[in-house]
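First comes the structure, then the notes that go with it.
The values are calculated or read from the model by the stated rules, or taken from the named source; none is laboratory data. From a predicted model like this one, the values you see are computed outputs, not experimental measurements. Cβ coordinates were reconstructed from backbone atoms using ideal geometry, including for glycine residues, and neighbour counts include every protein chain displayed. Please note that ligands, DNA and RNA were not included when accessible areas were found on the heavy atoms of the full protein model with its side chains. Shrake-Rupley method; radii C 1.70, N 1.55, O 1.52, S 1.80 Å.
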Amino acid sequence: MPVPFLDLKAPHVELRAELDAAYRRVVDSGWFLLGPELAAFEAEFAAYCEAGHCVAVGSGCDALELILRALDIGPGDEVIVPSATFIASWLAVSAAGATPVPVEPDEDTLLIDPKQVEAAITPRTKAIMPVHLYGQPADLDALEAIAAEHGLHVVEDAAQAHGARYKGRRVGAGSVAAAFSFYPGKNLGALGDGGAVVTSSAELADKLRLLRNYGSRVKYQHEIQATNSRLDELQAAMLRVKLPALDRWNDRRKEIADRYLRELADIEDLVLPVVPVWAEPVWHLFVVRCAERDAVQERLAGLGIGTLIHYPVPVHRSPAYAAGSWGELPVAEQVAERVLSLPIGPHMSEEEVTAVITGVREVFGR
């Protein structure tokens, strides 16, 4: 049975009537930016994240950059980031004018290692940016304790973690701010780019609204130098339709992940995800690790099993950052050489999940 890596049509087929109604509502209103759909979505997503405020913007990368700018982090400052992550985490720091300082992940969870974070702090450090990679929350309490000791901010990159919980609370509910992406392939995806910041600080939310809209509260009155990064009414309306389905879709992802964890556990040459007791991941990705990763991917493709590699080039080895002096980052390099993402999505059938498990077992001779 052919199994695609991800079916992006299925959620829209499921919600077709509601999405069509939302589209008509926006078009009929004639209001396309900074209107009632955006305001309603921001209130609903803030409540979902158990945070006080949501400010929706043009992308997840913009959300990270604008948080840093709102915190007055810029040239001369340093922000600690994971060495193993998508490049957007680093790019947002650079776009704000600050310097990313990479820290290696824990080798079991692949999440930023708090012990190494503390060793990377300098007098120029202003923030720690944990990434809830693949939908699994980083160890926020440990990071917040380090930040409090050194007078730093914790800025969560939650681009892949819509609905994830850390010790029972939603990611984004406890730190100064968290950034989300609504890229179409995310657990909560728009029909194009989009992002949001959630925060419980009314002051920070107010500044973010200025930063996303030319520094303006009133048209043609510009209080600060800012940018244009706004989630439009149509995308907000689409996300409002999808948000009530998110927990159900995340539950289905967990069911699939649980099957993978059970039924692939005896393959010695395959490293499965490790979930700490305090984490409730939402399984944006199910990432395994193996030697000869490329050969394994090729053999799975021959069996009709779609896979992807997140991410094949470590950020510090990309041309964008290759000129920097990053030191030795062997864990990030090994991760990039060995990771492979198996299909996982809320609309996968049991037959498709079985086909993936059967295919992986066959490739590994089990």
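Distance between the modelled labels on residue 5 and residue 277, one decimal in nanometres: 3.6 nm (7 Å Cα→Cβ projection). First measure r as the distance between the Cβ atoms of residue 291 and residue 13, then evaluate 1/(1 + (r/R0)^6) with R0 = 35 Å and state the FRET efficiency to the nearest 0.05. Working from the Cβ atoms, E equals 0.35. Of all DSSP bridge pairs formed entirely within the chain, close to 60 percent run antiparallel. Can you compute log10 of I(q)/I(0) for segment 55-183 with the Debye formula, treating each Cα as one identical point scatterer, at q = 0.10, 0.11, 0.22 Å⁻¹? Reported log10 I(q)/I(0), two decimals: -0.25, -0.31, -1.41. Annotation for residue 268 and residue 43: the two label points, set 7 Å from Cα along the Cα-Cβ direction, are 6.0 nm apart. Neighbours of residue 50, meaning other residues whose beta-carbon lies under 12 angstrom from its beta-carbon, give a summed charge of +3 when Lys and Arg score +1 and Asp and Glu score -1. Residue 293 contributes an accessible area of around 20 Å² to the protein surface, as traced by a 1.4 Å probe with all chains present.
List the lysines whose alpha-carbon lies under 18 Å from that of residue 219, not counting same-chain residues fewer than 8 positions away? Excluding near neighbours in sequence, the set is 207.
In vacuo Debye scattering of segment 224-366, one point per C-alpha: log10 I(q)/I(0) at q = 0.11, 0.20, 0.21 Å⁻¹? Cα-only, vacuum Debye calculation for segment 224-366: -0.58, -1.19, -1.24.
Using a cut-off of 20 Å between alpha-carbon atoms, which lysines can reach residue 115, once sequence neighbours fewer than 8 places away in the same chain are excluded? The reachable lysines, counting only those whose Cα sits under 20 Å from residue 115, are 126, 167.
Estimated from helices alone, the mean residue ellipticity of the chain at 222 nm is -11500 deg cm²/dmol (sum of -39500 (n - 2.57) over DSSP H runs with n ≥ 4, per residue).
DSSP beta bridges confined to segment 94-201 are antiparallel in about 55 percent of cases. Both numbers refer to the Cα atoms of segment 185-238; Rg and Dmax are 12.8, 37 Å. Within a straight-line Cα-Cα reach of under 19 Å, residue 9 can be paired with the following lysines, leaving aside sequence neighbours fewer than 8 residues apart in one chain: 186, 242. Using equal-weight Cα scatterers in the Debye expression, the normalised intensity of the chain in log10 at q = 0.11 Å⁻¹ is -0.76.
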